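Peer 1: My questions will all concern the structure given below.
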Amino acid sequence: MAGQKMMDMLFQQWVSDKEQWVQLRDLLMKESNLPGPRVNLELSGNFAKHFAHPKLTETDWEFLNSWANLTEAEAGVNDPREFLPFCAVRALGAYYSYAEEEQRIVIQSIIKTAMNDSRWRMREASAMALQSIGEDGFSLVRQLIDMWEKGANRLEQRAFVAALAHPPLLKKKENTLYCLQLATRIMESLGSGEVQYEDAEHFRVLSKGLEYSLSVFVACEPEAGFAMLEKFAKSRDTRMIKIVKSNLGKSRLSKKYALQVAEVLKSLTIQERT
């Protein structure tokens, strides 16, 4: 792959000229690592950073929207073309804090659509876009989640926790406590009937997200975090038990907080015996 300075020059030159979009498309597809198990995250991150400024031109805006809205029929799973909307959604997240209000509304719609995409990499892109927004200002990502939380489906809930399980967003106690409170509400919704279980795959996606993200929050605020895990360890819902067990097994908790982990495991054992 070309050096970063060369990449930046090519991004600047090609994005601003519609006639050059094909060359940029071909370059990104070639360097996407697709088909394959791991997309080129470094390249997509560098691409996104290129748009993290307030001087986006109309051509830049048109370009990002044209790629972000590529459907699965146009850019299928594991096809090199899938890298294009993946990069564009990440880039729109990087630009969000600089965007005008009308642009923000468009970006919000694109991110929410990506949360619900059938392509798992696009769902990852939505979480990464939210992370970029949160890095620019936690209040910005909190506003979005607060707006979307009520009535959020399982895929959207998964995007919330996956986005927030990002250490740069958890440096302030108040941010982590917000994440723990949100995670608690999502866990409580599992048995409340707030969201129907019409799609087992969507629940599986959410469960996988919860099975690691809770440990990230707990590691940052162990007192409040272990109290939350203890609460759900006493649940009779096997889905919650599985999520708690998975988080207790993460090294970020098991190595540094062995005593607290042992206490919660004891509650799990007692609950399983009754």
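What follows draws every value from the coordinates through simple rules; no lab data is involved. Remember, predicted model here, so these are calculated numbers, not experimental data. Here the Cβ positions follow ideal geometry from the backbone for every residue, glycine too, while neighbour counts run over all protein chains shown.
Peer 1: Counting GluC sites (Glu not before Pro) as exposed when in a DSSP loop with at most 11 other beta carbons within 10 Å, what is the longest stretch of the chain free of them?
Peer 2: Here the longest segment lacking exposed loop sites spans 1-99.
Peer 1: Modelled label-to-label distance, L259 and I105, 7 Å Cα→beta-carbon offset: nm?
Peer 2: 5.5 nm
Peer 1: Let me ask something additional. Taking only Cα atoms and a 10 Å spring cutoff, compute GNM fluctuations for the chain and point out the largest among R239, R142, R123.
Peer 2: Most flexible of the set in this elastic network: R239.
Peer 1: To the nearest 500 deg cm²/dmol, what mean residue ellipticity at 222 nm is calculated for the chain from DSSP H runs of n ≥ 4 alone, each contributing -39,500 (n - 2.57), summed and divided by the residues?
Peer 2: -22000 deg cm²/dmol
Peer 1: Explain nothing, just compute: Karplus ³J(HN,Hα) = 6.51 cos²θ - 1.76 cosθ + 1.60, θ = phi - 60°, for every residue of the range 57-67 in order, whole Hz, x for Gly and Pro.
Peer 2: For the range 57-67, the Karplus-derived couplings read 7, 4, 5, 4, 4, 4, 4, 5, 5, 5, 7 Hz, x marking Gly and Pro.
Peer 1: Kindly state, as a whole number, the per residue volume in cubic angstrom of the convex hull around the alpha carbon atoms of the range 93-202.
Peer 2: So the per-residue hull volume is 95 Å³.
Peer 1: Run the numbers for R252 and E230: contour at 0.36 nm per residue of separation, minus the present Cα-Cα distance, in nm.
Peer 2: Value of the extension gain: 6.2 nm.
Peer 1: Over all Cα pairs of the range 125-274, how is the pair count split among 10 Å bins, expressed in % and running from 0 up to the last occupied bin?
Peer 2: Each 10 Å bin holds this share of Cα pairs: 11, 43, 35, 10, 1.
Peer 1: Next question. To the nearest 10 degrees, how steeply does helix 200-220 sit against the main Cα axis of the chain, on a 0 to 90 scale?
Peer 2: Once rounded, the angle reads 80 degrees.
Peer 1: Let me ask something else about it. Compute the long axis of helix 120-136 from its Cα atoms, compare it with the longest principal axis of the Cα atoms of the chain, and write down the angle in degrees, 0 to 90, nearest 10.
Peer 2: 90 degrees
Peer 1: Let me ask you something else. What percent of all Cα-Cα pairs in the chain falls in each 10 Å bin, counting up from 0?
Peer 2: 7, 28, 31, 21, 10, 3, 0
Peer 1: Rounded to the nearest 10 degrees, what's the angle between the helix 173-189 long axis and the longest principal axis of the chain, both from Cα atoms, 0 to 90?
Peer 2: Between the helix axis and the principal axis of the chain, the angle is about 70 degrees.
Peer 1: Here is a follow-up. Which one of A224, A94, A183 has the biggest mean-square fluctuation once the chain is modelled by GNM with Cα springs under 10 Å?
Peer 2: A224
Peer 1: Please give me, ordered by residue number, the chymotrypsin sites (Phe, Trp or Tyr not before Pro) of the range 130-227 that lie in loop per DSSP and have at most 13 other Cβ atoms within 10 Å.
Peer 2: Qualifying residues, ordered by number: Y197.
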